[in-house]
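*Asks:* Would you mind keeping the following structure in view while I ask a few things?
The values are calculated or read from the model by the stated rules, or taken from the named source; none is laboratory data. Keep in mind it's a predicted model, so treat the numbers as computed, not measured. Neighbour counts are summed over all protein chains in view; Cβ atoms, including those assigned to glycine, are modelled from backbone coordinates with ideal geometry.
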Amino acid sequence: MTHTSPAPPAHPSPVPAPVTVLGLGPMGQAMSRTLLGAGHPVTVWNRTPARAAELVAAGARLAHSPAGAVAASDLVLLSLTHYQAMYDVMGGATAALAGRTLVNLSSDTPTATRDAAAWAREHGAAFVTGGVMVPAPMIGSERSSVFYSGDEEAFRTHAATLAQIGRPRFLGTDPGRAQLMYQAHLDVFLTTLAGLAHATAMVGTAGIGAEDFLPDVLQLLGAVPDMIAPEGVAGLGRQIDEGEHPGDGSNVTMMGATADHIRETSEIVGIDTALPAAVQEHYHRAIADGGGADGWTRIIDGIRAPRRAA
């Protein structure tokens with residue numbers, strides 16, 4: 001007779017940790033749905049309770065006060081308009097903060113973020129800043145990513161839960177770093193959108209509709225990385241960090257002339273010139289500072305040291 005040993009007992013999967021979400025705008029709702037889908041018990045609170053109806057139907061628990069919401073979980077996510085809203089919401093709930101981890105995913109300045117971290121510590125809470133780099137419909141997808149900084153131990157403790165929202169990247173213990181990285185990314189995003197809007201208005205003066213224009217210009221955007229970093233983004237970044245601005249392909253003088261033409265065209269066709277004027281000024285400054293033969297990255301020097309009005 002053949003004897004078989006009993007299979008070793010299976011290790012139970014970790015039970016998903018409870019999470020509280022304060023603020024149920026599009027982002028807060030998306031995070032709550034994603035966490036519920038991953039099996040986390042989710043407690044939610046919002047100034048307008050009706051916004052929680054679909055989440056409650058999906059299994060979330062609606063707290064009737066911020067204090068009750070905070071008390072429900074060790075991990076508290078805030079998705080609010082700005083950091084002042086945190087103080088407004090949490091003003092009557094500070095007694096519940098001790099021992100909790102606040103992860104504030106709201107947008108504000110690095111200074112406001114650092115002040116908030118100090119405020120949280122005064123009330124016994126660990127504080128982590130988060131910057132979500134995708135819109136609400138992409139939360140939890142493979143393309144979702146989030147910058148974090150602040151209390152490293154708290155971040156490591158809750159990293160697996162936070163990874164449900166998006167790929168986490170921890171930038172260090174300064175609470176302002178994640179906010180700064182977040183704002184820098186949005187700087188590129190909003191400036192790009194402004195450029196698209198301005199260019200669409202420009203061609204529209206000749207009867208070229210956005211339906212015809214956008215496919216071509218979006219294809220151009222997709223080619224930008226190869227245009228500005230043909231040998232790789234890392235190499236471009238290294239050159240900028242080392243203060244090298246080779247102008248072999250196109251230089252500041254050439255780019256500045258193009259900036260002049262864009263502004264002049266804007267004036268001729270009668271559209272707003274604020275955006276092209278700002279771009280033009282960057283190139284004029286670099287030329288005036290002796291960088292006409294350098295590459296376009298030379299304009300960073302002037303941006304870093306803006307001229308002050310007398």
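*Asks:* For segment 194-212, which residues satisfy the criterion of being farther than 17 Å from residue 262 by Cα and assigned to a helix (DSSP H, G or I)?
*Replies:* Result: 210, 211, 212.
*Asks:* Moving on to the next point. Please verify whether residue 141 is assigned to a loop (DSSP other than H, G, I, E, B) and farther than 18 Å from residue 18 by Cβ, treating the condition exactly as stated. Steps first, answer last, please.
*Replies:* On the way: assigned to a loop (DSSP other than H, G, I, E, B): yes; farther than 18 Å from residue 18 by Cβ: yes.
Against the criterion (assigned to a loop (DSSP other than H, G, I, E, B) and farther than 18 Å from residue 18 by Cβ), residue 141 qualifies.
*Asks:* Select, from 207, 150, 99, 172, the only residue that is of a type outside the set (A, V, I, L, M), out of contact with any helix residue (DSSP H, G or I) (no Cβ under 9 Å at 6 or more places or on another chain) and over 25 Å from residue 39 (Cα atoms). Step through it out loud before you land on a result.
*Replies:* Numbers: 150 fails: out of contact with any helix residue (DSSP H, G or I) (no Cβ under 9 Å at 6 or more places or on another chain); 99 fails: over 25 Å from residue 39 (Cα atoms); 172 fails: out of contact with any helix residue (DSSP H, G or I) (no Cβ under 9 Å at 6 or more places or on another chain).
After applying the criteria, what remains is 207.
*Asks:* List the helices (runs of 4 or more DSSP H) that sit entirely inside segment 218-310 and contain at least 3 residues that are under 24 Å from the mean Cα position of the chain (by Cα) and exposed (fewer than 13 other Cβ atoms within 10 Å of the Cβ). First the steps, then the outcome.
*Replies:* Values: elements: 233-241, 252-269, 274-288, 299-304.
It comes to 233-241.
*Asks:* Run residue 217 past the list (1) farther than 25 Å from residue 29 by Cβ; (2) among the β-branched types (Val, Ile, Thr); (3) not assigned by TED's automatic domain parsing to the domain that holds residue 255 and report the number of the one that doesn't hold.
*Replies:* Every listed condition holds for residue 217 apart from (3).
Quick grid of which residues meet (1) in contact (Cβ under 8 Å) with a residue 60 or more places away in the chain; (2) surrounded by fewer than 23 Cβ atoms within 10 Å (Cβ to Cβ):
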| position | (1), (2) |
| --- | --- |
| 22 | yes, no |
| 35 | yes, no |
| 40 | yes, yes |
| 68 | no, yes |
| 83 | no, yes |
| 104 | no, no |
